[in-house]
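Report on the structure given below.
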Amino acid sequence: MTNTKTITFIGAGSMAEALISGMTKTLYKPEQIIVTNRSNKERLEYIQNTYHVRVEADKEKAVKEADIIILAMKPKDVAEGITSIAQAIDKHQLIISVLAGVSTETIISLIGKNVPIVRAMPNTSAAIGQSATALALGRYANDKHLAIAKELFRTVGAVTVVPEEDLHAVTALSGSGPAYIYYMVEAMEKAAEEIGLEQSVAKDLILQTIIGAAEMLKSSKKHPSVLRKEVTSPGGTTEAGIKVLEDYRYQEAVISCIKRAAKRSAELGQSLLQLVKTHR
Ligand SMILES: NC(=O)C1=CN([C@@H]2O[C@H](COP(=O)(O)OP(=O)(O)OC[C@H]3O[C@@H](n4cnc5c(N)ncnc54)[C@H](OP(=O)(O)O)[C@@H]3O)[C@@H](O)[C@H]2O)C=CC1
Ligand SMILES: O=C(O)[C@@H]1CCC=N1
């Protein structure tokens, strides 16, 4: 199956790269994708050389050629980034935003036109077709726009549709989620070194342990706590280890982490909204 739409990325950072990497392995030909950023020419060169997509320093030109515009700049650059392309946007184009925290209403307000927007929260596992992506529709987006966004994000993983207000929670859980797992792996690697395992051996063991646990969670109907108890022999090693995690209030820390990330998503949205209001 092919798809002939032209897709322009505004922003060429980690998230844009993960999406480009996944998309060009599946439904999209590299020449359908145009990538632009603020000023980093080396980064555009790297993206072009790696994925063979088109890159364009002239943002307005990149926007005018697109059927779909994907907003993927850093939170602090959102207001300037969107207003700098607003003139070039036509309301027949579909805007897809992966910006954490920023509401579709704020984007509509910054563009100043009744544009259809689908807000998406993917994660960087899109690079290997394993993103967990949630989508929500803006005021002027309809089922046709949703179908286009679903088709696009299905090329990089699993897709679910949520009400827009749930996207702060989604961002905290699955948008940021891969980082929590990587952080745990960093700690496991440090521990392995301290207890005397060779780095390459430890790496393989940790990786297969995570893949195995994820597959168990996926294929078994058992609750995670039941799976955990099956590992935990009375008076054994796991029990001794988990006791230390309990002493450090590990679960409380994880819950607080996710709640704080969700709050931060709302804060990012609020601060941009304030900025938009004061510049009106
Ligand atoms: N990283 C992740 O895991 C995820 C990120 N997101 C969202 O994706 C967005 C991007 O994040 P991420 O990729 O990590 O960020 P990065 O910092 O890696 O990349 C940001 C990109 O935005 C570009 N940019 C900045 N200002 C402008 C502008 N005015 N016009 C055009 N491009 C501009 C930068 O260009 P230059 O280098 O030239 O300044 C850079 O290419 C964020 O809003 C984030 O919330 C969503 C889900 C997951
Ligand atoms: O850290 C962030 O703000 C972005 C959103 C989700 C993942 N990364």
Kindly provide the helix-only [θ] at 222 nm of the chain, computed as the sum of -39,500 (n - 2.57) over DSSP H runs of four or more divided by all residues, to the nearest 500 deg cm²/dmol? -16500 deg cm²/dmol
Residue-span extension gain [Tyr140 to Met188] - 0.36 nm each, minus C-alpha spacing: 12.6 nm
When DSSP assigns beta bridges and you keep just the ones with both residues in segment 7-165, what percent turn out antiparallel, to the nearest 5? 15
Per residue, what volume in Å³ does the Cα convex hull of the chain take up? 160
At q = 0.10, 0.16, 0.20 Å⁻¹, what base-10 log of I(q)/I(0) does the Debye formula yield for segment 29-164 when every alpha carbon is treated as an equal point scatterer in vacuo? -0.31, -0.85, -1.36
How many nm is it between the label spots at Tyr250 and Lys263, if each spot is 7 Å from the Cα in line with the beta carbon? 2.4
So how much slack lies between Asn3 and Ile210, counting 0.36 nm per residue of separation and subtracting their Cα-Cα distance, in nm? 71.0 nm
Which residue, chosen from Leu217, Val156, Met188, occupies the Cα position most advanced towards the positive end of the dipole of the chain, where the dipole is computed from +1 (Lys, Arg) and -1 (Asp, Glu) charges on Cβ about the Cα centre? Val156
Can you give me the Cα centroid spacing of segment 179-198 and segment 130-147 in angstrom? 37
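How do the peptides 125-134, 226-235 rank, highest first, by the average count of neighbouring beta carbon atoms within 10 Å per residue?
Values: 125-134: 20.5, 226-235: 11.5.
In decreasing order of mean packing, 125-134, 226-235 become 125-134, 226-235.
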Setting aside same-chain residues fewer than 8 positions from Lys243, which lysines have a Cα under 29 Å from its Cα? Lys190, Lys203, Lys218, Lys221, Lys222, Lys229, Lys259
On average over all directions, what projected area in square nanometres does segment 142-273 have, based on the convex hull of its Cα atoms? 11.7
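Checking the table Lys25/Lys91; Lys64/Lys144; Lys91/Lys263 against a 26 Å threshold on Cα-Cα, which pairs fail? Before the final figure, lay out each step's value.
Numbers: Lys25/Lys91 29 Å; Lys64/Lys144 21 Å; Lys91/Lys263 32 Å.
From the list (Lys25/Lys91; Lys64/Lys144; Lys91/Lys263), the Cα-Cα distance tops 26 Å for Lys25/Lys91; Lys91/Lys263.
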Membrane-span-like helices in the chain: DSSP H runs reaching 18 Å or more (Cα, own axis), mean Kyte hydropathy at least 0.5? 199-219
Mind putting together the pair-distance distribution for segment 1-108? All Cα pairs, 5 Å bins, whole percent per bin, short to long. 2, 12, 26, 26, 20, 10, 3, 0
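A short reminder: the numbers here are calculations on the coordinates, not readings from a lab. Worth saying up front: this structure is predicted, and the values here are computed from it rather than measured. Counting neighbours? That spans all protein chains shown, and the Cβs are built from the backbone with ideal geometry, glycine included.
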